[in-house]
Amino acid sequence: MNPDTVFYKELIDNLYDGVYFVDRDRRITYWNRGAERLTGYGAGDVTGSRCRDNVLCHTDCDGLSLCEELCPVAHTLEDGVCREAEVFLHHRAGHRVPVNVRVSPIRNGAGAIVGAVEIFSDNSARLSDLQRIDELQQLVFLDPLTGVANRRYIQMYLQSKFDEMFRYGWPFGVMLLDLDHFKEINDSFGHQMGDDLLKMAARTLRNAVRSYDLIGRWGGEEFIAVITNVKEDRLHEMAERFRRLVEESSMTAGDTIVRVTVSIGATLATSDDTVGSLLKRADELLYRSKGAGRNCVTCA
């Protein structure tokens, strides 16, 4: 081995990242120490085998195998385009390792593709950071008991809906929904049953809205729905649907079936509204429903 080759081999071997070369047949011709460290496979275990033999069993983030039709190395060998992807490889110990892979073609003096090089780096820290960011966002914006949006997020979301209405003319409405006789339920069955009913109501409402609408917990036993691109008659229909679905939900406490109903105030936003005035009007309509005997909808 000539001195230049030795120098470059030592240089690549001392890289933190994994590096391996393949020929036109995707047969592994070189495997550095970084690749050994990240995969648990030594050079002797993989050199001479083909990456399409599923040595590393690359999968995407959904667990779909990449080693056949979706292999980035195979595509780069075909078209000479450099590629980058986030994948999971199979460690010798059996577990999956998240890695970022970068694939480049290797060309001879005439410019023909004679192989490819893949460089892969451990992605665990980045994925952990992303997961932690997601967890923090959930802590900031989700109600911890019911798992729906919290008051802070709802206020931000409502302001964005106003911005869209003023800019594009997109209408929206809100509903305030309050569980009826909730204190009596807590007193009769305990706070755990009260919490379970809140979670039941939240799940029912979340499953009832369209994908582009929002359900949140406004506070206590009160929820809010923000309904996008809706007119008054449709808003009333949706509020009645929510009311019926909650009424038909139930839980058991021993031999007793526990049900809960909901009173609703619903209103469309107008160009003269602010977040505060809109919510004040919805709250007044809600209390009209309470005064009318509960388990009903007042819409204006």
(message) Tell me which of PHE166, LEU197, ALA282 sits at the most positive position along the dipole axis of region 142-299, charges placed on C-beta atoms (Lys, Arg +1; Asp, Glu -1).
(response) PHE166
(message) Charges at C-beta only: +1 for Lys and Arg, -1 for Asp and Glu. How large is the resulting dipole of region 29-96 about its Cα centre, in Debye rounded to 20?
(response) 400 debye
(message) Restricting to DSSP H runs of at least four residues, report the calculated mean residue ellipticity at 222 nm for the chain, -39500 (n - 2.57) per run over all residues, nearest 500 deg cm²/dmol.
(response) -13000 deg cm²/dmol
(request) Sort all Cα-Cα distances of the chain into consecutive 20 angstrom bins from zero, then give the percent of pairs in each bin up to the one containing the longest distance. (result) 27, 30, 28, 15, 1
(request) Check the straight Cα-Cα distances from LYS231 and name the lysines below 17 Å, setting aside those fewer than 8 residues away within the same chain. (result) LYS161
(request) Tabulate in residue order the Karplus-calculated ³J(HN,Hα) for region 173-184, using 6.51 cos²θ - 1.76 cosθ + 1.60 with θ = phi - 60°, rounded to whole Hz; enter x for Gly and Pro. (result) x, 10, 10, 9, 10, 10, 5, 7, 6, 5, 4, 5
(request) Grab the beta carbon distance between HIS95 and ASP13, set R0 = 30 Å, and tell me the FRET efficiency rounded to 0.05. (result) 0.75
(request) Would you mind calculating the gained length between THR47 and SER271 on full extension (0.36 nm times residue separation, minus the Cα-Cα distance), in nm to one decimal? (result) 73.7 nm
(request) Note down the Stokes-Einstein diffusion coefficient of region 142-299 in µm²/s, whole number, using a Kirkwood radius over alpha carbon pairs, 10 °C, and 1.306 mPa s. (result) 101 µm²/s
(request) Just need log10 I(q)/I(0) for region 74-232 at q = 0.17 Å⁻¹, Debye formula, equal scatterers on the alpha-carbon atoms, no solvent, rounded to two decimals. (result) -0.99
(message) At 1.4 Å probe size, what's the solvent-accessible area of HIS181? Round to the nearest 10 Å².
(response) 90 Å²
(message) Given a 1.4 angstrom probe, I'd like the percentage of the accessible area of the chain that is carbon and sulfur, rounded to a whole number.
(response) 51 percent
(message) Antiparallel versus total DSSP beta bridges in the chain: what percent is that, nearest 5?
(response) 95 percent
(message) With a 1.4 Å probe and all protein chains left in place, how much accessible area per residue does the chain have, in Å²?
(response) 53 Å²
(request) Check the straight Cα-Cα distances from LYS183 and name the lysines below 21 Å, setting aside those fewer than 8 residues away within the same chain. (result) LYS199, LYS290
(request) Please report, in debye to the nearest 20, how large the charge dipole of region 3-128 is about its Cα centre when each Lys and Arg carries +1 at its beta carbon and each Asp and Glu carries -1 there. (result) 180 debye
(request) With viscosity set to 1.567 mPa s and temperature to 4 °C, compute the Stokes-Einstein D of region 3-128, Rh being the Kirkwood radius across alpha carbon pairs; µm²/s, no decimals. (result) 88 µm²/s
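The values are calculated or read from the model by the stated rules, or taken from the named source; none is laboratory data. Not measured: the values here are computed from a predicted model. Quick reminder, even Gly has a Cβ in these numbers, built from the backbone with ideal geometry, and neighbours come from all protein chains shown. Side chains included, ligands, DNA and RNA excluded: accessible areas come from the protein's heavy atoms. Shrake-Rupley method; radii C 1.70, N 1.55, O 1.52, S 1.80 Å.
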